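Report on one structure; see the data block that follows.
The values are calculated or read from the model by the stated rules, or taken from the named source; none is laboratory data. Model, not experiment: these values are computed from the prediction. Cβ atoms come from the backbone with ideal geometry, glycine included; neighbour counts cover every protein chain shown. SASA here: full protein model, heavy atoms, side chains in, ligands and nucleic acids out. Shrake-Rupley method; radii C 1.70, N 1.55, O 1.52, S 1.80 Å.
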Amino acid sequence: MSRKRQSVSAAAARRIALAAQGFAVGRPDGPTNAGNVKRAVDRLGLLQIDSVNVLTRAHYLPLFSRLGNYGTGDLDRIAWGRKSQRGLFEFWAHEASLLPLSAHPLFRWSMQRARENAGDGKGKLRLFRKEKAKYIDSVLREIADRGPLAASELSNGGERRSGWWVWNDGKLAVEWLFFAGLVTTATRRGTFERVYDLTERVLPAAVLALPTPSAEEAQRELLRRSAAALGVATEFDLRDYFRLGVADTKARLAELVEAGDLLAVEVEGWNRPAYLHPAARQPRKVEARALLAPFDPLIWERDRTHRIWNFFYRIGIYTPVAKRTHGYYVLPFLLGERLVARVDLKADRANSKLLVHTAHLEEGENAAQVAGPLREELRLMADWLGLESVSLPRAGALAKAMGRMR
């Protein structure tokens, strides 16, 4: 059967990518519910979790971009509510992530590799398991006996250590158990601290009873989901979405193309082969409007973002102050099919303001055409965050254009 590569124009690739991520359909009319939230997460395949709370937690923002003023409590319930309400679970996918329950069997091969201390990644945890297996087993017994526990609540968690990502023995133990699938997140408390419990006590029995596919079939299905969420993508884009291994991805991609589950294509302006999902929507026009979080799956792979939109983007929180070009927590603004601006935002909860530190217009864009939609989107975000006002900057063409509006 012929597998001749099709050609996809750069403009079509942009529209395919936007449609795959849910931007080719309008936001819901009227109030949203848990069903809207669950369907949005299913479309994306996962939500990345990040502890940064400059605006709000990272996992809430991609849903705002697609649903508008939705209730974050709906996401909380399906992520960390009662077992009967659960629709998501936490695991390491594209970094720490929330995933649909249907994906749980697809990561069991990875959990098994962790239990065997095999495979790549998480070298620090694998070394800790090798050196302190008996201690980890004792932590598992304590959770089994006492019920849900945070690492800070363990009876023998070890001395607390200062520094970001500097974990004591108790935290290393529960994180290895989490990586191995023996415990999972029961809930989150206070400052977003993860609380661990036995997986069988958290996830619905029906999910745990789902058949476990082979590692190869699980990887194929994860790549299918990556392709569905991206629309059109390179091998690296597909691999990066769920952080699969290089060798595994190459082998599974060849199988998926041979089976017709992916179509090999050439995209105008891309310097490497690409793959198209056979069911990818290819709209003639996309009329989107959204502020995009730094960890939004539309733009989290920075090279892909540059390749599709010619938009060079780096998040400022990991950049020294002197090297920041646009600010600390910068969100690109999607208007139509283009990334037309970027704004540095902060939620000033004490004064009930959405602070717009800077607003930068992209080269070639018209400030007057961008100002109105951007200002409306900022107002919508403030409403969603429960903030009374939006504080706009004064410097720059885009800021001045927004300031002239009343």
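Counting only DSSP H runs of at least 4 residues, each contributing -39500 (n - 2.57), and dividing by the residue count of the chain, the helix-based mean residue ellipticity at 222 nm comes to -11500 deg cm²/dmol.
Length available on full extension from Ser214 to Glu255: 0.36 nm per residue minus the Cα-Cα distance, which gives 13.3 nm. Per the Cα gyration tensor, segment 122-203 maps to an equivalent ellipsoid with semi-axes of 18, 15, 12 Å, ordered largest to smallest. The modelled label-to-label distance between Ala322 and Asp29, using points 7 Å beyond Cα along the C-beta direction, is 5.6 nm.
When every Cα-Cα distance of the chain is counted in 10 angstrom steps from zero, the calculated P(r) takes the values 4, 21, 29, 26, 15, 4, 0 percent.
Placing pseudo-labels 7 Å out from each Cα toward the beta carbon at Ser391 and Gln85 gives an inter-label distance of 3.4 nm. Accessible surface comparison of Tyr60, Tyr318, probe 1.4 Å, protein chains only, largest first: the order is Tyr318, Tyr60. For Lys38, the aspartates and glutamates whose Cα falls under 16 Å of its own Cα, not counting residues fewer than eight places away in the same chain, are Asp74, Asp76, Glu90.
The phi torsions of segment 362-373, fed into the Karplus equation with coefficients 6.51, -1.76 and 1.60 and a -60° offset, translate into couplings of 6, 4, x, 8, 9, 4, 5, 7, 8, 4, x, x Hz, rounded to whole numbers, with Gly and Pro shown as x.
Residue separation of Phe312 and Arg349 scaled by 0.36 nm, minus their Cα-Cα distance, works out to 10.3 nm of gained length. To the nearest 0.05, how large is the calculated FRET efficiency for Arg201 and Ala279 if R₀ is 45 Å and r is the Cβ-Cβ distance? Efficiency for this residue pair is about 0.75. Its Kirkwood hydrodynamic radius, worked out from the mean inverse distance over all distinct Cα pairs, puts segment 303-352 at 12.3 Å. Residue separation of Arg189 and Phe236 scaled by 0.36 nm, minus their Cα-Cα distance, works out to 13.4 nm of gained length. With the simple spin-label model, which puts each label point 7 Å out from Cα in the Cβ direction, the Arg404 to Arg146 separation comes to 6.3 nm. Close amide H contacts of His326 (hydrogens built in the peptide plane, cut-off under 5 Å, sequence separation of 5 or more or a different chain): none are found.
Per residue, the chain exposes an accessible area of 46 Å² to a 1.4 Å probe, with every protein chain left in place. The accessible-area ordering, largest first, of the residues Thr249, Thr72, Thr191 stands as Thr191, Thr72, Thr249, per a 1.4 angstrom probe.
Bridging of Lys124 to lysines at a Cα separation below 23 Å is possible for Lys132, Lys134, Lys171, once same-chain residues fewer than 8 apart are set aside. If you roll a 1.4 angstrom probe over the protein chains with everything in place, what fraction of the accessible area of the chain belongs to carbon and sulfur, to the nearest %? Roughly 49 percent of what the probe reaches on the chain is carbon or sulfur. Scaled against the 2.2 N^0.38 Å expected of a compact globular protein of N residues, the Cα radius of gyration of segment 233-337 reads 1.25. Remark: relative contact order (the chain) = 18 percent; criterion is Cα-Cα distance under 8 angstrom and separation of 6 or more residues.
Here Lys285 is the anchor, and the aspartates and glutamates within straight C-alpha reach of less than 13 Å, apart from those fewer than 8 places off in the same chain, are Glu337.
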